[in-house]
1. If packing is taken as the average count of other Cβ atoms within 10 Å, what order do 122-134, 65-77 fall into, highest mean first?
2. Which of the listed residues, TYR43, ASN5, SER184, is farthest toward the dipole's positive end in the chain, when Lys, Arg count +1 and Asp, Glu count -1 at the beta-carbon?
3. Under the rule of -39500 (n - 2.57) per DSSP H run of 4 or more residues, summed and divided by the residues of the chain, what mean residue ellipticity at 222 nm is obtained, to the nearest 500 deg cm²/dmol?
4. Over 10 Å intervals from 0, what percent of Cα-Cα pairs in segment 44-142 sits in each interval?
5. How large is the Kirkwood hydrodynamic radius of segment 1-75, in angstrom, based on all distinct alpha carbon pairs?
6. With only Lys, Arg, Asp and Glu charged, each at its Cβ (+1 for the first two, -1 for the last two), find how big the charge dipole of segment 340-468 is about the Cα centre; round to the nearest 20 debye.
7. In sequence order, what are the phi-derived ³J(HN,Hα) couplings for segment 470-477 according to the Karplus relation 6.51 cos²θ - 1.76 cosθ + 1.60 with θ = phi - 60°, rounded to whole Hz, with x for glycine and proline?
8. Sort the following peptides by mean Cβ neighbour count (other Cβ atoms within 10 Å, averaged over residues), highest first: 80-92, 367-379.
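Every read-out reported here was derived from the displayed coordinates using simple, explicitly stated rules and does not represent laboratory data. Keep in mind it's a predicted model, so treat the numbers as computed, not measured. Cβ sites come from the backbone with ideal geometry, for glycine too, and all protein chains shown count toward neighbours.
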Amino acid sequence: MDLSNFTISQIHNGLKNKDFSATQLVGAYFENIEKKDKDIFAYLSLTKEMAMFQAKEVDSLIANKQELPLLAGVPFAVKDNIMVKDIKCTAGSKILENYFASFDAGVIEKLKANKSVILGKTNLDEFGMGSSTENSAFGNTKNPRDLSRVPGGSSGGSVASVIANECVFALGSDTGGSIRLPCSFCGAVGLKPTYGSVSRYGLIAFASSLEQIGVITKTVEDAEIVFNAIKGRDANDSTSVDLSSIKQTKHKSEKLDIKKTRIGIPKEYFVKGIDPAVEKSVKNAIKKYQELGAKIVEISLPNTEYALAVYYIISMAEASSNLARYDGIRYGKSLENDEQNANNDLLSAYMETRGKNFGKEVRRRIMIGTFVLSAGYYDAYYLKAQKVRNKIIQDFNSAFEKVDVILAPVSPFMAFKIGEKIGDPLSMYLSDIFTVSVNLAGLPALSLPCKEKDSLPTGFQLIGPAFEEDKILEIGKLI
Ligand code: GLN
């Protein structure tokens, strides 16, 4: 029996029926990682000892005939910007090369309580800044579907590990598309939750007003199971929300009827420049929903053309502030003894630490972010971007008066070749043109794979109103 290609409920039943033990299962995943990860490089570090310990705990629960949580014994991977106590957490950066987390992130606490098993930490673009995982300080992850191509980013390691059967599910973070984009490039399912649905406690901050931790799986059912386990209020993150209070006031409890569901297709997302094969695959998905009886409605999100500029101004501004703490004294790698700074003063120590240990893209963003916040430019860039962000939110609000969910492509193109865009940041930023609006508006979005025969995978996203993850998951399950 191949022990490394299961869904969560198959594992649950297999463990309960004693078809295999948790230790065998976890062992099989590590074997698979050993075989495949030399080529793919999804993992930055493995946590074998801890995983085997966790697996044994699950096996003794089973031996003692105790109740088994659905996620017990399920092996998963964690993006290396999410803290796991006592495990290295680098955020893909040299500046945190030797940092060991001193606490568990809120989501990790919850998954540990569910007895899921952590296999290791996955590669990412440094601090989540990138769309290809080529900005990692430790080397690039390859797309398991075609090793000459990027897996997308920044959660490229997490998505590659799921698709290569090197774990059952993975956690990622999505600030401007970092879960959904790699899911579309590799053919996985990815859920970016509503801002506030999931705790960000223990997520290394890049742009705090935009990002959420989310889930990467092979099936929508699995995404739903993991989301249900990690969602909800965490006293350590004041922006996280008690979802039960929202449901009482807002959520409609009746079951989804696809024949009564209106799916909005934003005309601004099907424009010149989109790869015809992507457009065809996404239109096929629309057709399938239409055949199921959904009402397809053309809608307009008129401020879409400004989303990318707004996103890059706001995210870089927030990044410049969030990353100020890594100065080699308060946080981050200090200069080695033999690297003593020439002037022997504090400012040059800061400058040398940051200059040497941040990668090129991170330095670019800190500089642009500092610039757009500086006196004289603040009004023209940052403040203006915030005003346009409000317009983008209003666009979605009016759209959701006419439709229940929105369906759109995830990226205008498919996985590109390694090295193809790395020298051209603007064309790299264009990968995110269809994903960033969702983060600016704080909405939930589910990225689902679709493809033409024999082509690379691509994806479409179902975008829902705030806190209506249930609805996009239900609709996602239908095809
Ligand atoms: N690709 C986007 C960026 O580089 C999104 C990153 C993310 O979601 N973490 O900013």
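1. Details: 122-134: 29.8, 65-77: 20.2.
The densest-packed peptide leads the list: 122-134, 65-77.
2. My answer, from the dipole projection, is SER184.
3. Values: 16 runs with 186 residues, N = 479.
Mean residue ellipticity at 222 nm (helix-derived): -12000 deg cm²/dmol.
4. 17, 42, 28, 11, 3
5. 12.9 Å
6. Magnitude of the dipole: close to 300 debye.
7. Running phi through 6.51 cos²θ - 1.76 cosθ + 1.60 with θ = phi - 60° gives 3, 5, 5, 5, 4, 5, x, 5 Hz.
8. On the way: 80-92: 23.7, 367-379: 14.5.
Taking the mean over residues of other Cβ atoms within 10 Å, the ranking is 80-92, 367-379.
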